[in-house]
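Enquirer: This is the structure I want to talk about, given as structure tokens.
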Amino acid sequence: MTDAIAPVLEALSTRFGERFSVSHALREQHGRGESHHTSAVPDAVVFAETTEEVSEIVTLCAAAGVPVIAFGAGTSLEGHLAAVNGGVSIDLSRMSEVLRVSADDLDCTVQAGVTREQLNTHLRDVGLFFPIDPGANASVGGMAATRASGTNAVRYGTMRENVLSLTVVLPSGQIIRTGGRARKSSAGYDLTRLFVGSEGTLGIITEVTLRLYGIPETISAALCSFESVEQAVAAAIAVVQLGIPVARMELMDRGLIAAVNAYSHLSLKIEDTLAFEFHGSPAGVREQVEMVAAIVEENGGKDFEWANAPEERNRLWKARHNAFYAIVSQRPNAKGWSSDVCVPVSQLGACILDTRELLRNCSVPAAILGHVGDGNYHVVFAVDPTNKQELDEVAAINSKMVEYAISVGGTSTGEHGVGTGKIKYLRKEHGDAVDLMAVIKNAIDPNGIMNPGKMLPH
Ligand SMILES: Cc1cc2nc3c(=O)[nH]c(=O)nc-3n(C[C@H](O)[C@H](O)[C@H](O)COP(=O)(O)OP(=O)(O)OC[C@H]3O[C@@H](n4cnc5c(N)ncnc54)[C@H](O)[C@@H]3O)c2cc1C
């Protein structure tokens with residue numbers, strides 16, 4: 001601990017009492033996400049309950065140049081939470097109030113610590129839902145900060161499309177709002193989109209206004225199996241290119257299906273699989289299903305299996321959301337390392353084939369899964385975090401996947417974000433635009449106190 005930070009911690013301790021902690025276990029938990037990245041512990045953790053409290057904490061830290069790292073639910077995968085220069089972790093999980101819901105306007109405002117499951121439980125009784133669903137039960141603030149998406153993005157978009165405005169505490173402690181509730185606006189720079197995806201490096205999001213959707217009249221889900229990943233991907237591409245508005249279209253390779261069966265006690269057929277969900281009126285869903293069934297058949301798919309009862313459907317998607325843990329659980333003491341590339345959908349087949357070749361001699365358990373309707377896919381590896389040779393092997397595969405994706409106009413991260421893990425690819429992907437990002441960062445956070453060491457190359 002440096003001399004500068006001691007008085008700040010003392011002041012925070014006096015002000016926040018039992019909501020301030022220097023317990024090692026708590027700091028360790030706040031210095032890491034859910035992946036293989038090593039933890040870097042903050043000097044202290046403070047649990048904030050209001051925007052004004054966040055502002056107070058940031059103001060105190062800013063005066064002494066102490067780093068602050070926002071903590072939502074801690075489910076990020078690219079080393080986002082590592083306190084590489086120490087500092088104070090501001091835990092927003094107690095900011096868990098749904099502040100307002102408007103069924104007329106299909107929107108709501110929540111405190112940043114509300115989780116996606118909490119929000120959907122709250123909304124169920126009014127017939128609404130919020131569709132963005134990263135596998136983990138992430139916080140809405142963390143999802144905005146990482147520009148998250150999930151299985152529904154092919155139909156409903158990502159956090160980029162679904163955040164209407166934010167309340168943000170700037171590095172000076174000042175509180176701003178980035179917009180109102182209008183569905184569109186041409187007034188000034190789009191600060192909402194600047195903060196969405198900024199990973200806590202520009203400010204701390206304390207409230208989020210979101211778009212909502214009516215729970216569809218009819219929901220239908222189906223699984224179909226293919227003899228090869230190539231066939232499954234070809235079918236998925238055809239569905240996208242024909243503009244069929246599927247709500248979900250997920251690829252799970254046969255290795256993943258085996259892991260999911262074991263982890264979630266299912267008995268899905270162990271083949272390369274596409275999982276679909278259709279939303280709409282009964283006639284609309286029927287039409288989508290007929291078109292998709294024809295495409296699946298043309299591409300060698302078979303055995304359309306339906307999961308129409310809500311409990312059956314929930315079980316299927318819960319198992320899909322737990323896929324990361326299913327792979328990791330195949331090996332004692334393993335950690336998950338998830339790659340996350342996204343490419344134009346026309347390139348998806350070639351990319352996944354290339355990835356399959358890269359995995360052919362891989363010594364680490366791994367499986368391919370993806371939100372293929374968006375051109376976004378992952379390989380999840382179950383790595384031994386203490387085995388350097390293994391980590392190097394996976395790092396090399398990950399790099400090749402990223403380079404391939406960027407070379408065909410794709411991105412190094414479709415949804416997980418940059419954190420520390422993807423910094424080295426940012427210039428390759430964005431070229432000189434990274435310099436403009438650095439100018440923006442320096443203008444908003446001249447002392448570099450907001451989640452230092454993340455996103456931008458130093
Ligand atoms: C099993 C599993 C499946 C996943 N599946 C998906 C998926 O399908 N799609 C997807 O997009 N992601 C997925 N993720 C990754 C993760 O859930 C998302 O990145 C999520 O958005 C992180 O939210 P969080 O609340 O856990 O944020 P945290 O991990 O707490 O924080 C993430 C980053 O955001 C910053 N941050 C957090 N809250 C705020 C705030 N209020 N203001 C400013 N900055 C903040 C933090 O400083 C950090 O840099 C998955 C993760 C797991 C473990």
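Enquirer: Charges at C-beta only: +1 for Lys and Arg, -1 for Asp and Glu. How large is the resulting dipole of the range 159-242 about its Cα centre, in Debye rounded to 20?
Expert: Numbers: 7 positive and 7 negative charges, 112 e Å.
Approximately 540 debye in magnitude.
Enquirer: Enumerate the calculated ³J(HN,Hα) couplings along the range 161-172 in order (Karplus 6.51 cos²θ - 1.76 cosθ + 1.60, θ = phi - 60°), each rounded to whole Hz, writing x wherever the residue is Gly or Pro.
Expert: 7, 10, 9, 8, 6, 9, 9, 10, 9, 7, x, 7
Enquirer: Something else about it: Which value, in debye to the nearest 20, gives the size of the charge dipole of the chain about its Cα centre, when Lys and Arg are +1 and Asp and Glu are -1 at the Cβ?
Expert: Roughly 320 debye, rounded to the nearest 20.
Enquirer: What's the magnitude of the charge dipole for the range 98-214 around its Cα centre, counting Lys and Arg as +1 and Asp and Glu as -1 at the beta-carbon? Answer in Debye, nearest 20. Kindly include the intermediate steps, with their values, before the conclusion.
Expert: Numbers: 12 positive and 10 negative charges, 46 e Å.
Dipole size: approximately 220 debye.
Enquirer: Mean separation of Cα pairs under 8 Å and 6+ residues apart, divided by the residue count of the chain: what relative contact order is that in percent?
Expert: Working: 999 pairs, mean separation 72.4, N = 458.
Relative contact order here is 16 percent.
Enquirer: Just to compare against my own numbers: the Cα pair-distance distribution for the chain, 10 Å bins, whole % per bin, please.
Expert: 4, 21, 30, 26, 14, 4, 0
Enquirer: Please list, in order along the range 198-204, the HN-Hα scalar couplings obtained from phi with the Karplus expression 6.51 cos²θ - 1.76 cosθ + 1.60 (θ = phi - 60°), rounded to whole Hz, x for Gly and Pro.
Expert: Each residue's phi maps through the Karplus curve to give 8, 6, x, 8, 10, x, 10 Hz.
Enquirer: While we're looking at this one, here's another question. Rounded, prolate or oblate for the range 218-321? Axes are the square roots of the Cα gyration tensor eigenvalues, ordered a ≥ b ≥ c, and the cut-off for rounded is a/c under 1.5. Walk me through the numbers before you get to the answer.
Expert: On the way: a/c = 2.11, a/b = 1.19, b/c = 1.78.
The shape class here is oblate.
Enquirer: At a 10 Å Cβ-Cβ cut-off, how would you order 213, 156, 189, fewest neighbours first?
Expert: Values: 213 17, 156 21, 189 8.
The fewest-first ordering by Cβ neighbours comes to 189, 213, 156.
Enquirer: Collect residues whose amide H, placed 1.01 Å from N in the peptide plane, falls under 5 Å from the amide H of residue 94; neighbours closer than 5 in sequence don't count.
Expert: Amide H neighbours of residue 94, under 5 Å, 5+ apart: 48.
Enquirer: Which of the lysines could a cross-linker span from residue 424 if the Cα-Cα distance has to be under 21 Å and same-chain partners fewer than 8 positions apart are dropped?
Expert: Leaving aside lysines fewer than 8 places away in the same chain, those within reach of residue 424 are 388, 400, 441, 454.
Enquirer: Follow-up. Using the charge dipole of the range 218-321 (Lys, Arg: +1 at Cβ; Asp, Glu: -1 at Cβ; taken about the Cα centre), state which of 264, 239, 221 has its Cα farthest towards the positive end.
Expert: My answer, from the dipole projection, is 264.
Enquirer: Hey, what number do you get for the chain at 222 nm if only DSSP H runs of n ≥ 4 count, each worth -39500 (n - 2.57), divided across all residues, to the nearest 500? Working shown, then result.
Expert: Details: 17 runs with 170 residues, N = 458.
Helix contribution divided over all residues of the chain: -11000 deg cm²/dmol.
Enquirer: Also, quick follow-up: With a point put 7 Å past each Cα toward its Cβ, work out how far residue 293 is from residue 121 in nm, to one decimal.
Expert: 3.8
Enquirer: Okay, moving on. Using the 10 angstrom Cβ neighbour count as an exposure proxy, how do 167, 151 rank, fewest first?
Expert: On the way: 167 20, 151 24.
Ascending number of Cβ neighbours within 10 Å: 167, 151.
Enquirer: OK, next. Figure the gain on full extension for residue 99 and residue 230 (residue separation times 0.36 nm, minus the Cα-Cα span) and round it to one decimal in nm. Kindly include the intermediate steps, with their values, before the conclusion.
Expert: Working: separation 131, 0.36 × 131 = 47.16 nm, distance 4.64 nm.
Full extension of this stretch gives 42.5 nm more.
Enquirer: Something else: Hey, how many Å between the Cα centroid of the range 358-412 and the Cα centroid of the range 139-201?
Expert: Using only Cα atoms to place each centre, the spacing works out to 28 Å.
Enquirer: Step through the residues of the range 382-398 one at a time and calculate ³J(HN,Hα) from phi using the Karplus curve (6.51 cos²θ - 1.76 cosθ + 1.60, θ = phi - 60°), rounding each to whole Hz and writing x for Gly and Pro.
Expert: 9, 9, 8, x, 9, 9, 4, 4, 5, 5, 5, 4, 5, 4, 5, 5, 4
Enquirer: Separate question: Amide H of residue 378: which non-local residues (sequence gap of 5 or more, or other chain) have their own amide H closer than 5 Å, using H built in the peptide plane?
Expert: Here 369, 370, 371 satisfy the definition.
Enquirer: Residue 432 to residue 399: FRET efficiency via 1/(1 + (r/R0)^6), r the Cβ-Cβ distance, R0 35 Å, to the nearest 0.05?
Expert: On the way: r = 22 Å, r/R0 = 0.63.
Once the sixth-power term is evaluated, E becomes 0.95.
Enquirer: Between residue 219 and residue 4, with labels modelled 7 Å along Cα→Cβ, what's the label distance in nm to one decimal, could you check?
Expert: About 4.9 nm separates the two model spin labels.
Enquirer: Could you tell me whether the range 303-403 comes out rounded, prolate or oblate from its Cα gyration tensor? Rule is a ≥ b ≥ c as square roots of the eigenvalues, rounded for a/c under 1.5, then prolate if a/b exceeds b/c, otherwise oblate. Spell out each step's value before the answer.
Expert: Numbers: a/c = 2.59, a/b = 1.30, b/c = 1.99.
Oblate shape, in that a/c is at least 1.5 and b/c is the bigger or equal ratio.
Enquirer: Mind checking which of 189, 141, 294 is farthest towards the positive end of the chain's charge dipole, using Cβ charges of +1 (Lys, Arg) and -1 (Asp, Glu) about the Cα centre?
Expert: 189
Enquirer: Taking the mean number of other Cβ atoms within 10 Å as a proxy for protection, how do you rank 423-429, 233-239 from highest to lowest? Can you show the working numbers first?
Expert: Details: 423-429: 16.4, 233-239: 22.9.
Descending packing order for the listed peptides: 233-239, 423-429.
Enquirer: Positive end of the charge dipole of the range 1-147 (Lys, Arg +1 and Asp, Glu -1 on Cβ, about the Cα centre): tell me which of 120, 7, 23 has its Cα farthest that way.
Expert: My answer, from the dipole projection, is 23.
Computed from the coordinates by the stated procedures, all read-outs in this text should not be read as laboratory data. The structure presented is a predicted model; accordingly, all values stated were derived computationally and were not measured. When we count neighbours, we look across all protein chains shown, and the Cβ atoms used for this are built from the backbone with ideal geometry, even at glycine.
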